[in-house]
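So the structure is just underneath, and the comments pick up after that.
The values are calculated or read from the model by the stated rules, or taken from the named source; none is laboratory data. This structure is a prediction, so every number in the text was calculated from the model and none was measured. Cβ: placed from backbone, ideal geometry, glycine included. Neighbour counts: every protein chain shown.
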Amino acid sequence: MDILSGFSRDKSNLMAILGKFQHDLGYLPEDVIIRVADYLRLSPSTVYSVATFYPRFKFIPSGKKVICACRGTACHVRGGGRVLREIEKTLGIRAGETTADMEYTLETVSCMGACVMAPAVMICNEIHGQMTPPRVAEVLGGE
Ligand code: FES
């Protein structure tokens, strides 16, 4: 069933529609932005500018497993930078990139609300705290 048919053409449905596409596709391709804009009688630039305001919306496909390393102050002072570099080295990608086999995407955040567990890394929505570079292979291997 087409996602759009589940919603009325009320502009207040914009976030719900984008959220449903993001959930089902894992990202918002350009043709979706255009279709949603047409459906709600908005300009594509309006839809795009709303979507880009929210970090949860992605515009390129992510890998099957999303790894999120924290760059916040609490994590930084406890070695979060070294953990991030180890993840980059292990996966062979930099923050913001996806492995060629589409297995992993590496993202960063400024805080994931788990400062007491610093340095923290989220893998597939599960937070791993007190991370160290040697633990990177262990937690990645467990996924
Ligand atoms: S600063 Fe890293 S979880 Fe808050």
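Please go through the stretch 112-121 and pick out each residue that is near the ligand (Cβ under 9 Å from one of its atoms) and surrounded by 15 or more Cβ atoms within 10 Å (Cβ to Cβ). Answer for the stretch 112-121, where residues must be near the ligand (Cβ under 9 Å from one of its atoms) and surrounded by 15 or more Cβ atoms within 10 Å (Cβ to Cβ): MET112, ALA114, CYS115, MET117, ALA118, PRO119, ALA120.
Checked across the stretch 35-48, the condition of being acidic (Asp, Glu), more than 16 Å from the ligand (Cβ to nearest atom), outside the structural domain of PRO119 (by TED's automatic domain parsing) and within 18 Å of the chain's Cα centre (by Cα) holds for no residue. Summed over the stretch 29-88, residues that are among the acidic types (Asp, Glu) and closer than 20 Å to THR99 by Cα total 2.
Got a number for residues in the stretch 73-118 being part of a helix (DSSP H, G or I), under 17 Å from LEU140 (Cβ atoms) and free of Cβ contacts under 8 Å to residues at least 12 places away in the same chain? Total meeting the criteria: 1.
Yes/no matrix, rows are residues, columns are (1) within 20 Å of SER62 (Cα to Cα); (2) charged (D, E, K, R):
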| position | (1), (2) |
| --- | --- |
| ASN13 | no, no |
| LEU18 | yes, no |
| GLN22 | yes, no |
| ASP38 | no, yes |
| ARG41 | no, yes |
